[in-house]
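> Here's a structure for you.
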Amino acid sequence: MHWPFCLAKCPYCDFNSHVRDVIPHERFTAALRQELAHDAARTGRRSLRSIFFGGGTPSLMRPETVALIIQDALHHFDAAPDLEITLEANPTSVEREKLAGFAQAGVNRISLGIQSLNEDSLRFLGREHSAGQAVQALETARTLFPRLSFDLIYARPGQSLSAWETELREALALASDHLSLYQLTIEQGTKFEALYRQGRFTLPEGDEAARLYEKTAEIAGLFGMRDYEISNYARPGAESRHNLTYWRYQDYIGIGPGAHGRLTLDDTLLATRRHRAPEIWADRVEQRGSGSTEETPLSSEERGREALLMGLRLREGIDLDWFATRTGRQLAECVDPTIFEAAQEENYLSLQDNRLIATDEGRVRLEALLGALVL
């Protein structure tokens, strides 16, 4: 469920987010509910394992809006006993005050966009909160939600290995059961792309970036958190069930402006996409029930590629019997045979018990490995 509005546009962010002086809450609440009902009518009463309010900044939503959408989802689908309901929030004071309302609405997992515990870095990243507000939000959230996650961005300009270790240890001492730890990357079309191209700042690269990644996994492990996905760390059993749906290449419905989905209808896997512009999306929903701009049947070749790109991010890797069933292809049809053999010889990939896994060595260089391996 994508809520597209933010207080400000972060310079590193390429998500579909928009700043508005006035947010039309009533209109967008009605449109989100209408689009959800539209897709539910197509899918029938499937099992519902997770709901994820992402953005944008979904903590700018009214708690009553969140409650209505959760109620609708429970009406349209058969909720799993351990249904996970996550909402992304920022630790500004205005959003922190609403956390109790989100818990009352039914949210049982909160994901806080902390990004850093360093004041200078928060200003560089364009964040609207201070380190003190971040800690206050974490402490408040821990009293309200049974599950808590937060994000940090590392490999920032000038960040040394020792400085990151100190910050990460501080964060892990505050953590509950899950952390998302992302290396800062330069995304096309962002403010940071222009500044980086102008030479206004540099980022750790190569061996330096690899050492930061390896240190991240090492320190997280000391606190009982394992990197179950390339950038996500959790205590056993606390993995994000919703995000595992993406990485395991299962079905999900994307509702809201710019939302993407993967949905099987009549034995055909569709790639769905909604219009990115919030107002145009709302117009389309009001006119025809959905803001969809594209529904593309995915070929077996496309399914194989997507399943590999997503599944090899996971430490558990990919079950090849499941892969063949989901994609209609065998692994050998989807990878470059020479690269595949070399990757195994270099211990970047492991094939055992009919499961393909990226090793620790492979995970360090996963982006380059996937670019060469996957056809």
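> Could you tell me which label, among (i) 29, 24, 22; (ii) 31, 29, 20; (iii) 46, 22, 18, carries the value of semi-axes √(5λ) of the Cα gyration tensor in Å calculated for this structure?
(ii)
> Pop out the carbon and sulfur fraction of the accessible area of region 102-251 as a percent, whole number, probe 1.4 Å. Don't skip to the answer; put the middle values down first.
Values: 2980 of 6540 Å².
C and S atoms contribute 46 percent here.
> For region 247-309, just say rounded, prolate or oblate: build the C-alpha gyration tensor, square-root its eigenvalues into a ≥ b ≥ c, call rounded for a/c under 1.5, and beyond that prolate if a/b exceeds b/c, oblate if not.
Numbers: a/c = 2.71, a/b = 2.12, b/c = 1.28.
Prolate, since a/c reaches 1.5 and a/b exceeds b/c.
> Positive end of the charge dipole of region 295-345 (Lys, Arg +1 and Asp, Glu -1 on Cβ, about the Cα centre): tell me which of SER300, GLY311, THR338 has its Cα farthest that way.
Going by the charge dipole, the pick is GLY311.
> Mind checking which lysines have their C-alpha under 17 Å from LYS9, skipping anything on the same chain fewer than 8 residues away?
Straight-distance partners of LYS9: LYS191.
> Taking the Cα centre of region 189-261 as the origin and placing charges on Cβ (Lys, Arg +1; Asp, Glu -1), which of ALA210, SER231, GLY261 is farthest toward the positive end of the dipole?
Looking along the dipole axis, the top candidate is GLY261.
> Give the separation of the Cα centroids, region 291-367 to region 70-92, in Å.
Region 291-367 and region 70-92 have Cα centres spaced 30 Å from each other.
> Then there is this: For the chain, which cysteines have no disulfide-compatible partner, meaning no other cysteine Cβ under 4.7 Å?
Within the chain, the cysteines lacking a partner Cβ under 4.7 Å are CYS6, CYS334.
> Something else now. Over region 269-331, what percent of the accessible surface lies on carbon and sulfur atoms, probe 1.4 Å? Before the final figure, lay out the partial values.
Values: 1280 of 2880 Å².
Carbon plus sulfur share of accessible area: 45 percent.
> Per residue, how many Å² of accessible area does the chain show with a 1.4 Å probe? Mind dumping the intermediate values first?
On the way: 16910 Å² over 375 residues.
Ligands and nucleic acids excluded, the figure is 45 Å² per residue.
> Using the Cα gyration tensor of region 141-285, with a ≥ b ≥ c the square roots of its eigenvalues, what is the shape: rounded (a/c below 1.5), prolate (a/b larger than b/c) or oblate (neither)?
Oblate, since a/c reaches 1.5 and b/c is not below a/b.
> What's the magnitude of the charge dipole for region 284-375 around its Cα centre, counting Lys and Arg as +1 and Asp and Glu as -1 at the beta-carbon? Answer in Debye, nearest 20.
Details: 11 positive and 18 negative charges, 71 e Å.
Dipole about the Cα centre, nearest 20: 340 debye.
> Output ³J(HN,Hα) for region 179-194: one whole-Hz value per residue in order, computed from phi by the Karplus curve 6.51 cos²θ - 1.76 cosθ + 1.60 with θ = phi - 60°, and x for Gly and Pro.
In residue order, the calculated couplings are 9, 10, 10, 10, 6, 5, 10, 9, 9, 4, x, 8, 4, 4, 4, 5 Hz.
> Further question: So how far apart, in nm, are the two label points at ALA173 and ARG42 if each is 7 Å from Cα heading toward Cβ?
That separation, rounded to one decimal, is 5.0 nm.
> Can you divide the C-alpha Rg of region 262-360 by 2.2 N^0.38 Å and report the result to two decimal places? Could you put the intermediate results ahead of the total?
Values: Rg = 17.9 Å, N = 99, 2.2 N^0.38 = 12.6 Å.
Normalised Cα radius of gyration, region 262-360: 1.42.
> Taking 2.2 N^0.38 Å as the expected size of a compact globular protein, what ratio does the Cα radius of gyration of region 5-55 give against it, to two decimals? Before the final figure, lay out each step's value.
Working: Rg = 14.6 Å, N = 51, 2.2 N^0.38 = 9.8 Å.
For region 5-55, the normalised Cα radius of gyration comes out at 1.49.
> For region 8-144, count the residues as N, evaluate 2.2 N^0.38 Å, and divide the Cα radius of gyration by that value, please.
1.13
> Now a separate question. Rounded to a whole number, what % of the accessible area of region 1-56 do carbon and sulfur atoms account for, probe 1.4 Å?
Values: 1430 of 2540 Å².
With neighbouring chains kept in place, the figure for region 1-56 is 56 percent.
> Here is a further query. From the square roots a ≥ b ≥ c of the eigenvalues of the alpha-carbon gyration tensor of region 124-170, which class results: rounded (a/c under 1.5), prolate (a/b over b/c), or oblate? It would help to have the intermediate numbers written out before the result.
Numbers: a/c = 2.57, a/b = 1.76, b/c = 1.46.
Verdict is prolate for region 124-170.
> Restricting attention to region 192-256, which trypsin sites (Lys or Arg not before Pro) occupy a DSSP loop and are surrounded by at most 11 other Cβ atoms within 10 Å?
Numbers: sites: ARG197, ARG200, ARG211, LYS215, ARG226, ARG241, ARG248; in loops: ARG200, ARG248.
Passing both the DSSP loop test and the Cβ count: ARG200.
The values are calculated or read from the model by the stated rules, or taken from the named source; none is laboratory data. Note that the coordinates shown come from a computational prediction; the quantities given were computed from them, not determined experimentally. Here the Cβ is made from the backbone with ideal geometry for all residues, glycine too, and neighbour counts use every protein chain on show. Note: areas computed on protein heavy atoms with side chains; ligands, DNA, RNA excluded. Shrake-Rupley method; radii C 1.70, N 1.55, O 1.52, S 1.80 Å.
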